[in-house]
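Everything below concerns the one structure shown next.
The values are calculated or read from the model by the stated rules, or taken from the named source; none is laboratory data. Predicted model, so just to flag it, every value in this text is computed and none were measured. So basically every Cβ, Gly included, is an ideal-geometry build from the backbone, and we count neighbours across all protein chains shown. Side chains included, ligands, DNA and RNA excluded: accessible areas come from the protein's heavy atoms. Shrake-Rupley method; radii C 1.70, N 1.55, O 1.52, S 1.80 Å.
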Amino acid sequence: MQTISVERVAVLKPKPQDENELGFGRIFTDHMFLMDYDAGVGWHDARIVPFAPIPLSPAAMCLHYGQEIFEGMKAYRAPDGGIRLFRPELNMERLNLSGNRLCIPPVDEAFAVEAVRQLVRMDADWVPRAEGASLYIRPFIFAADEQLGVHPAKHLIFSIILSPVGAYFPGGLDPVKIYVEQEYVRAVRGGMGYTKTAGNYAASLKAQEKANAAGYSQVLWLDGIEHKYIEEVGAMNVFFVLGDTVVTPALQGSILGGITRRSCLELLQSWGVRAEERPLALAELMEGARGGRLKEAFGSGTAAVISPIGALRCGEEEAVINGSTIGSLTRRLYDALTGIQWGRAPDPFGWSVAI
Ligand code: PLP
Ligand code: COI
């Protein structure tokens, strides 16, 4: 395994005064990880350096054609003061899955996890202690060739930055209101929907603005072909409790295979709760809401954790779910997942790893 060279900052930045007011992704720690790729050489020069702007040509290909991928994971402060990661190997596996779609050369997954560990260890004092707060970890890779031709990059940069964060949604565990988008689409099968790449999020902004203007915090995407099936929310996968069954859209190439989604499905299975991954039509969902079959709804994601959904707006109709309060299964999943992530509960699956 390559070694990682270290250059420490001369003067540490002041830490946030109030860990209950961190917001999301606004504050960055003292150090970052960098590594270069050059065709014919491979990934090289792994280093931890002071957090600072990265010099980039105005002709850098990522700025023009969006050849970029990223990940999102967290470090959690356990009750014993130790720091834990949650299934980090799955993030690096997905980084390479995204990279494959965007012609970005793979990184050594075990090495990338080790880079996260070393960086988090260096900035360990930045891992918050406040309830619900954590250190968000953002690995990303972008094309840095100075070149305006459209082709896969020969020079790329892999970076990891860290940001102490609170709840992704300002209301914390308060149910969010979701707007079903029927005009714009985020991704289609065959496209890049299953990857974490910048363009997917750029494609979401217009509808996000529309939803916000109507008083809703997030967009629920429908499939890009028939505009009929539920896909996912801006930064979360979605689950619905219909009767006694939990339903989540199947992974068919246009939505992200969330690590939180997978963990929820595994938890539900271990509890003997019936869960289905299948195409879920908007019509079935709205009918379920009208007829009382739709008991609970929630989103799942690293940033969003488990977020109860209190209302779904679809055209002129608004379905209020579970009286806009958190449902019992949603609560149980939230408690189980966060218990494991923060090292507060037994971890029968071995998902939580000390750094
Ligand atoms: N869907 C999208 C579009 C996301 O950006 C995220 C966040 O990463 C998720 C789903 C949830 O994925 P995960 O649980 O791996 O964070
Ligand atoms: C995450 O949950 O890690 C995400 O990537 C969400 C992000 C778009 C803020």
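Under 26 Å of direct C-alpha separation, and excluding same-chain neighbours fewer than eight residues apart, Lys295 reaches these lysines: Lys177, Lys228. Taking amide H as placed 1.01 Å from N in the peptide plane, the amide H of Glu68 sits under 5 Å from that of Ala198, each at least 5 places away or on another chain. Sequence-ordered 3J(HN,Hα) estimates for region 346-353 from the Karplus curve with 6.51, -1.76 and 1.60 and θ = phi - 60° stand at x, 10, x, 8, x, 7, 9, 10 Hz, glycine and proline given as x.
Only protein atoms count toward the accessible area here, which uses a 1.4 Å probe; on the chain, the carbon and sulfur part of that area reaches 52 percent. Using Cα springs under 10 Å in a Gaussian network model of the chain, which residue among Ser300, Ser270, Ser217 shows the largest mean-square fluctuation? The residue that fluctuates most here is Ser270. Per-residue 3J(HN,Hα) values for region 301-308, derived from phi via the Karplus relation 6.51 cos²θ - 1.76 cosθ + 1.60 with θ = phi - 60°, read x, 4, 5, 7, 6, 10, 10, x Hz in sequence order (x marks Gly and Pro). For region 307-355, the solvent-accessible area with a 1.4 angstrom probe is 44 square angstrom per residue.
Counting 0.36 nm for each residue step from Asp125 to Thr3 and taking away their Cα separation leaves a gain of 41.6 nm.
Hydrodynamic estimate: the Kirkwood radius of the chain over Cα pairs, inserted into Stokes-Einstein at 37 °C and 0.692 mPa s, corresponds to D of 155 µm²/s.
For region 297-355, the set of trypsin sites (Lys or Arg not before Pro) satisfying both a DSSP loop assignment and a count of at most 16 other C-beta atoms within 10 Å is given as Arg344.
Spread over its residues, the convex hull of the C-alpha atoms of region 5-165 is 119 Å³ per residue. Within the set of other residues whose C-beta is less than 15 Å from the C-beta of Val116, count the net charge using Lys and Arg as +1 and Asp and Glu as -1. Overall, the nearby charge balance is +1.
For Tyr229, the residues whose modelled amide H falls within less than 5 Å of its own, excluding neighbours fewer than 5 places apart on the same chain, are Asp223, Leu282. The trypsin sites (Lys or Arg not before Pro) of region 22-106 meeting both criteria, a DSSP state outside H, G, I, E and B (loop) and at most 15 other C-beta atoms within 10 angstrom of the site's C-beta, are Arg26. The 3J(HN,Hα) values that the Karplus relation (6.51, -1.76, 1.60; θ = phi - 60°) gives for region 319-327 are, in residue order, 9, 8, 10, 6, x, 6, 10, 5, x Hz. Gly and Pro appear as x. Judged by the gyration tensor of its Cα atoms, with axes a ≥ b ≥ c, region 282-345 is prolate; a/c meets the 1.5 cut and a/b is the larger of a/b and b/c.
Setting aside same-chain residues fewer than 8 positions from Lys206, which lysines have a Cα under 16 Å from its Cα? By straight Cα distance, Lys206 reaches no lysines at all. With R₀ set to 41 Å, the beta-carbon distance separating Ala283 from Gln17 gives a calculated FRET efficiency near 0.25. Charges were assigned to the Cβ only: +1 to each Lys and Arg, -1 to each Asp and Glu. The resulting dipole of the chain about its Cα centre is roughly 380 debye. Could you compute the FRET efficiency for Arg262 and Leu63, with r as their C-beta to C-beta distance and R0 at 41 Å, rounded to 0.05? Result of the calculation: an efficiency of 0.80. Over the C-alpha trace of region 176-341, radius of gyration and Dmax come out as 14.7, 41 angstrom. Amide H to amide H distances under 5 Å link Thr245 with no residue, where only residues 5 or more positions off or on other chains count and H is placed in the peptide plane. Once the GluC sites (Glu not before Pro) in DSSP loops with at most 12 neighbouring Cβ atoms within 10 Å are cut out of the chain, the longest remaining piece is 8-130. Each other residue within a Cβ distance under 10 Å of Gly299 adds +1 if Lys or Arg and -1 if Asp or Glu, for a net charge of 0. Extension gain, Ala202-Glu226: 0.36 nm per intervening residue step, less the Cα-Cα distance, totals 6.5 nm. Here the gap between Val49 and His151, fully extended at 0.36 nm per residue and compared with their Cα-Cα distance, gives a gain of 33.7 nm. Centre-to-centre separation between the Cα atoms of region 31-56 and those of region 226-254: 37 Å.
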